[in-house]
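Trainee: One structure follows; several queries about it will come next.
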Amino acid sequence: MAEWFEDWFGEEYLDLYPHRDEQDAERLIGLLRRTLPWRDGWRVLDVACGPGRHMTALERAGARVFGFDLSRVLLNRARTLTSRPLVRADMRLLPFRARSMDLTVNLFTSFGYFATDPEHVAAMGEMLGTVRPGGWFVLDFLNAAAVRAGLVAHEVQQLGGAIVEVRRDIIDDGRFVRKTMRLADGRQFEERVRLFSFGEMRAMIEQHGARVTTGFGDYDGAPVGDGPRAILLAQVAL
């Protein structure tokens, strides 16, 4: 049986979310440039790069970017935006040379998709394993406490020109948030994300030999806990 993210990030996803916010991507990359010891020419791996909006922002910032995603559809869209190398891969088993990147990023809640925590731990190890000693890793995740506090259980939205019924719930003893989308033609899609706290993510990163140095709550640099995001910047040990 296919995992939910194998079915969801295809043509329907692009139809419903045709214009993700390019300004958000620029704001986030700008924040990283101000905070990290940024150097033009850095080798940057964009983990789960999707349709490529962060890759293009990283390129404009002077990085040599490499991207991968599991979705063929999203990779095809990314190829219309960048000529940089793109690979189809699963983050639980990465086909990149160990310690070859100055910076590896996992952005816009492209983590927490797996059924078990050992899979998440393994994926974190794979990502951190691509970073050179002294290099950097960035995880841009959702603020789990804000998700729980502000959950909208049911609404009807217009997404990509279609009317979509959206239901959200917290499942598995509070460990996952689930979003179910039902279209007027009867098609139904589901997203399911593990609700890791900032402390849980920091512990997962640090067990793989990196140290979290900074955290933010949004793309403008708000403190952790004061915004919708949980952004962790970590340096790999020398």
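Trainee: Just wondering, is there one or more residues in segment 76-96 that are among the small types (Gly, Ala, Ser) and under 22 Å from ILE205 (Cα atoms)?
Mentor: Yes; the residues of segment 76-96 include at least one that is among the small types (Gly, Ala, Ser) and under 22 Å from ILE205 (Cα atoms).
Trainee: Let me confirm something: among ASP140, ASP172, ASP185, which residue is within 30 Å of ARG33 (Cβ to Cβ) and of a type in the set (Asp, Glu)?
Mentor: Result of the check over ASP140, ASP172, ASP185: ASP140.
Trainee: May I pose another question? Which ones in segment 51-99 are among the charged types (D, E, K, R) and assigned to a strand (DSSP E or B)?
Mentor: Scanning segment 51-99 gives ARG64, ASP69, ARG88, ASP90.
Trainee: For segment 122-211, list the strands (runs of 3 or more DSSP E) that sit wholly inside it and hold at least 1 residues that are on the phi < 0 side of the Ramachandran plot and of a type in the set (S, T, N, Q); which are they?
Mentor: It comes to 154-159, 176-183, 188-194.
Trainee: Output the residues belonging to segment 134-157 that are touching a residue at least 60 places away in the same chain (Cβ under 8 Å), touching a Gly at 6+ places or on another chain (Cβ under 9 Å) and either within 15 Å of GLU206 (Cα to Cα) or surrounded by fewer than 21 Cβ atoms within 10 Å (Cβ to Cβ) (or both).
Mentor: LEU142, ALA145, ALA146, listed by residue number.
Trainee: To continue, here is another question. How many residues are among the charged types (D, E, K, R) and surrounded by fewer than 16 Cβ atoms within 10 Å (Cβ to Cβ) if we restrict to segment 93-111?
Mentor: 2
Trainee: Let me ask something else about it. Determine, yes or no, whether ALA210 is out of contact with any strand residue (DSSP E or B) (no Cβ under 7 Å at 6 or more places or on another chain), open to solvent by less than 60 Å² (accessible area, probe 1.4 Å) and modelled with pLDDT of 95 or more.
Mentor: No.
Trainee: I've got another one for you. Take the residues in segment 70-87 that are over 16 Å from the mean Cα position of the chain (by Cα) and among the hydroxyl-bearing types (Ser, Thr, Tyr); name whichever of them is least open to solvent (accessible area, probe 1.4 Å).
Mentor: Here the answer is THR82.
Trainee: Can you tell me which residues in segment 31-50 are open to solvent by less than 60 Å² (accessible area, probe 1.4 Å) and either free of Cβ contacts under 8 Å to residues at least 40 places away in the same chain or in a loop (DSSP other than H, G, I, E, B) (or both)?
Mentor: Passing the criteria: LEU36, PRO37, TRP38, GLY41, TRP42, ALA48, CYS49, GLY50.
Trainee: I'd like the residue in segment 227-238 that is at pLDDT 95 or above and in a loop (DSSP other than H, G, I, E, B) and, out of all such residues, is most open to solvent (accessible area, probe 1.4 Å).
Mentor: That would be PRO228.
Trainee: Only residues in segment 58-82 that are without any contact (Cβ under 8 Å) to a residue 40 or more places away in the chain and on the phi > 0 side of the Ramachandran plot count as the first member; pair them with residues that are open to solvent by less than 40 Å² (accessible area, probe 1.4 Å) and in a loop (DSSP other than H, G, I, E, B), Cβ under 7 angstrom, at least 6 apart or cross-chain, and list the lot.
Mentor: Close Cβ pairs (under 7 Å, with a partner that is open to solvent by less than 40 Å² (accessible area, probe 1.4 Å) and in a loop (DSSP other than H, G, I, E, B)) amount to GLY62/GLY41.
The values are calculated or read from the model by the stated rules, or taken from the named source; none is laboratory data. Since the model is a prediction, treat every value here as computed from it, not as a measurement. Backbone-built Cβ (ideal geometry, glycine too); neighbour counts: all protein chains shown. Each accessible area value is taken on the protein alone, full model and side chains, heavy atoms only, with ligands, DNA and RNA left out. Shrake-Rupley method; radii C 1.70, N 1.55, O 1.52, S 1.80 Å.
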